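The structure appears below as structure tokens.
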Amino acid sequence: MTSTVGPARGAGAVDTALTETVRRTGASIGAVYLLPPDAQVLRLDALCGAPAEFAGPWSRVPLAAPAPVAVAVREDRLVWVGSQQEMARSYPRTALALPYPLALAAAPITGTRRWGTLLLMWPADRPPRLTRREHGYVFSCCRRLARLMDEAYGSGEPYVPEDVPREVPLDTRRRATTPAQAAADFAERLPGGSCALDLEGRVTFLSSGGAELLGRDASALLGTLPWVSLPWLDDPTYEDRYRAAVISREPVSFTACRPPDRWLDFHLYPDAGGVSVRIVPTGAQQPPAPAPGRAPTSLAPARAGRLYQLMHLAAGLTEVVGVQDVVALVADQIMPAFGAQGLVLSEADSGRLRITGHRGYPVENVTRLDGLPLDTTLTPAGQALASGIPSFFADPEEMRRIYPEALVISGKQAWAFLPLIISGRPVGCCVLSYDRPHTFSSEERAVLTSLAGLIAQALDRARLYDTKQQLAHGLQQALLPHRLPAVAGLDVAARYLPATRGMDIGGDFYDLIRLGDTAAAAVIGDVQGHNVPAAALMGQVRTAVHAHATLGEPPDQVLSATNRLLDDLDPGLFSSCLYIHMDFARRQACLASAGHPPPLLRHPDGRTAPLDMSPGPLLGIDPEAVYPVTEIPFTAGQLLLFYTDGLVETPGTDFDDSVAELAGHLAAADDGDLDLLIDTLLARVRPESRRTDDIALLVLRSPRDEGRSSA
């Protein structure tokens with residue numbers, strides 16, 4: 001008769017199998033991960049020996065993840081990790097989520113299909129290998145769990161993991177349910193303690209001496225979390241020490257200051273039922289160690305420091321823009337943080353490693369390494385990228401055994417090869433090197449491996465940004481004139497500057513058109529927006545103006561014809577435009593404006609003011625619009641400055657005031673060299689850090705000397 005396993009009954013059977021296996025193997029923590037049908041994520045179903053809150057970072061594990069629980073079910077084999085060092089070397093991401101000394105086994109639960117994984121953890125002081133008996137218990141439990149899953153599935157009521165993992169008590173006989181029982185457990189664990197916590201961190205017992213040292217009555221602390229009820233313990237470092245004790249099952253200690261200046265030492269002694277805490281004033285005689293030769297660990301300052309360092313560097317990597325920004329940040333912040341003296345950052349390109357940045361290496365050495373195939377034996381970089389596993393070499397001897405030629409090239413003494421991978425796609429490799437031998441701790445390996453993922457993301461974004469910038473720059477250069485034509489009787493200079501944020505492309509444009517020997521035309525305009533559609537329309541407007549200008553049409557007709565073209569195209573964008581026709585024989589100029597800011601006219605004596613003219617509407621609004629023409633004398637020494645609104649518009653500032661300020665700067669500037677004149681105006685009016693819009697400038701001057709001309 002086939003048994004039916006409903007959710008409630010199934011959960012009880014799973015819990016029983018889990019707790020029995022934990023007890024028989026001597027494990028401190030056990031867990032069952034299940035893989036729902038057609039899912040690609042393992043879900044934590046039951047946890048024994050630790051609070052479910054601890055499992056937050058690893059309650060959901062993608063099936064493709066490089067984690068022991070995923071590898072076990074994916075490859076249908078037992079995964080054994082005997083130490084934290086081995087964890088950091090083989091599974092660095094898991095080491096970051098579990099930065100505690102421990103041993104770990106993950107075994108597949110396989111029946112009619114892959115059901116999930118059984119996970120067991122032990123304190124780090126256990127033997128380095130599973131015994132034959134432990135091995136048998138582990139696989140016996142997996143077969144038992146697989147039968148439960150198979151039977152439930154066959155009955156039509158498949159076992160479904162709960163949304164919130166269950167906390168399974170390891171030994172109900174020892175669970176502290178009353179202060180008296182907590183005190184008894186405390187007395188068994190520690191010779192003269194003062195406080196007891198359950199596995200969730202709540203205070204279950206507090207002696208009078210402990211209450212006096214903490215400065216609170218026991219009644220106010222029982223049932224509370226110390227870092228909640230005692231504000232001076234509200235520091236992630238202290239909570240991390242408690243978590244380390246519960247997960248590693250090893251003694252832990254830390255020091256805290258009770259305001260205003262009372263320093264206290266806390267010694268935590270954990271077991272499967274809770275944590276005993278000894279609180280003594282700093283400097284007092286230390287409590288006896290629970291095991292000969294094993295001192296309580298105190299790693300909180302370094303680990304907390306690494307955490308904050310990682311957060312700081314991660315924040316910096318989110319702010320970089322281009323590839324060289326990534327190189328600079330790694331060189332300026334990550335290298336010093338880990339004491340490295342050398343850096344090589346490379347990208348994967350068509351089966352080769354292209355070096356994008358380096359520090360601490362001679363150029364000739366970098367040149368030799370640039371463009372190497374991924375399967376090269378000169379460096380472990382390709383192998384690390386192909387496998388996705390970081391490589392750490394603490395001294396030249398380690399490197400010499402596998403890559404003897406690498407020593408000759410670099411001359412370094414220790415190396416960290418960090419593959420840069422995003423969703424299984426190789427991006428590049430980051431190599432940190434040292435001038436002296438360097439031992440990489442498990443914590444350092446875990447942090448560097450995590451940083452590699454952040455660097456990969458930043459490098460990929462930066463590479464995409466640089467590609468867009470190159471595309472934008474090429475498009476902008478193609479749409480603007482490569483050089484202005486030489487016109488006899490006219491001095492000319494022009495400049496285009498993109499906004500400091502964006503794609504380095506916009507709708508601002510200018511042009512100079514030669515019309516025979518005695519005439520010329522110039523135009524400046526601004527299409528709405530600074531993106532690809534704006535640039536495309538800008539090219540059409542500039543082409544239309546150029547075509548009608550070469551036909552000899554007057555300014556108003558040039559703008560009217562261009563306006564009708566925009567109406568026919570119906571791009572959904574508008575454009576301002578200012579057009580000038582210059583007759584050098586008559587020393588006269590005619591201008592027409594389509595909603596564009598007025599040009600500035602500077603006389604030979606330095607008097608400068610905006611030109612008084614009546615603009616018509618923007619191009620693309622009214623197909624029947626009329627554009628009034630303004631005629632002015634254009635005599636020797638006169639200078640006209642055409643500009644787009646990006647130069648003068650500032651939020652919160654009156655437009656006329658900004659134009660008047662620009663006129664003042666133009667009047668005071670030296671106009672001997674028109675390019676230097678533009679540099680002066682840009683520096684005074686719109687520094688680079690304040691550019692929020694594109695800027696185009698066009699300067700036209702009738703030479704004081706008739707024989708003088710320039711392009």
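Computed from the coordinates by the stated procedures, all read-outs in this text should not be read as laboratory data. Only a predicted model underlies this, so the values are computations on that prediction, with no experimental measurement involved. Please note: Cβ atoms are built from the backbone with ideal geometry, for glycine as well, and neighbour counts cover all protein chains shown.
Would the stretch 202-288 count as rounded, prolate or oblate if I go by the C-alpha gyration tensor, calling it rounded below 1.5 in a/c and otherwise prolate when a/b exceeds b/c, oblate otherwise?
rounded
Given a Förster distance of 30 angstrom, what is the FRET efficiency for Glu364 paired with Thr318, based on the Cβ-Cβ distance and rounded to 0.05?
Once the sixth-power term is evaluated, E becomes 0.30.
Want the number for Ser387 to Ser219: 0.36 nm per residue separation, take away the alpha-carbon distance, what's left?
54.8 nm
Amide H neighbours of Ala103 under 5 Å, counting only residues 5+ apart in sequence or on other chains, H built in-plane at 1.01 Å?
Trp122, Ala124
How high is the FRET efficiency from Asp675 to Ser423, r the C-beta distance, R0 56 Å, rounded to 0.05?
0.70
Per the Cauchy relation, a quarter of the hull surface: what is the mean projected area of the convex hull of the alpha carbons in the stretch 55-96, in nm²?
Approximately 3.0 nm², given one-decimal rounding.
Give me the number: length gained by fully extending Glu624 to Phe655, i.e. 0.36 nm times residue separation minus the C-alpha to C-alpha distance, one decimal in nm.
8.4 nm
Lys and Arg at +1, Asp and Glu at -1: add these up for the other residues within a Cβ distance under 12 Å of Val629 and post the number.
Net charge in that neighbourhood comes out at -3.
Counting Lys and Arg as +1 and Asp and Glu as -1, what is the net charge of the other residues whose Cβ lies under 12 Å from the Cβ of Asp76?
+3
Using the alpha carbon gyration tensor of the stretch 319-461, what are the three equivalent-ellipsoid semi-axes (square root of 5 times each eigenvalue), largest first, in whole Å?
With the √(5λ) rule applied to the stretch 319-461, the semi-axes are 20, 17, 15 Å.
For Gln413, what charge total do you get from the other residues with a beta carbon under 12 Å from its beta carbon, if Lys and Arg give +1 and Asp and Glu give -1?
Here the count lands on -1.
Would you give the gap between the C-alpha center of the stretch 83-139 and the C-alpha center of the stretch 605-632, rounded to a whole Å?
79
Calculated FRET efficiency, Arg401 and Cys257, Cβ-Cβ r, R0 60 Å, to nearest 0.05?
Once rounded, the FRET efficiency stands at 0.75.
According to the square roots a ≥ b ≥ c of the eigenvalues of the Cα gyration tensor, what is the shape class of the stretch 555-711, taking rounded for a/c under 1.5, prolate for a/b larger than b/c otherwise, and oblate for the remainder?
The shape class here is oblate.
Would you mind computing, in nm to one decimal, how far apart the modelled labels at Ala668 and Ser90 are, each placed 7 Å from Cα along Cα→Cβ?
Inter-label distance under the simple model: 7.3 nm.
Can you tell me the convex hull volume per residue for the stretch 492-617, based on C-alpha atoms, in Å³ to the nearest whole number?
120
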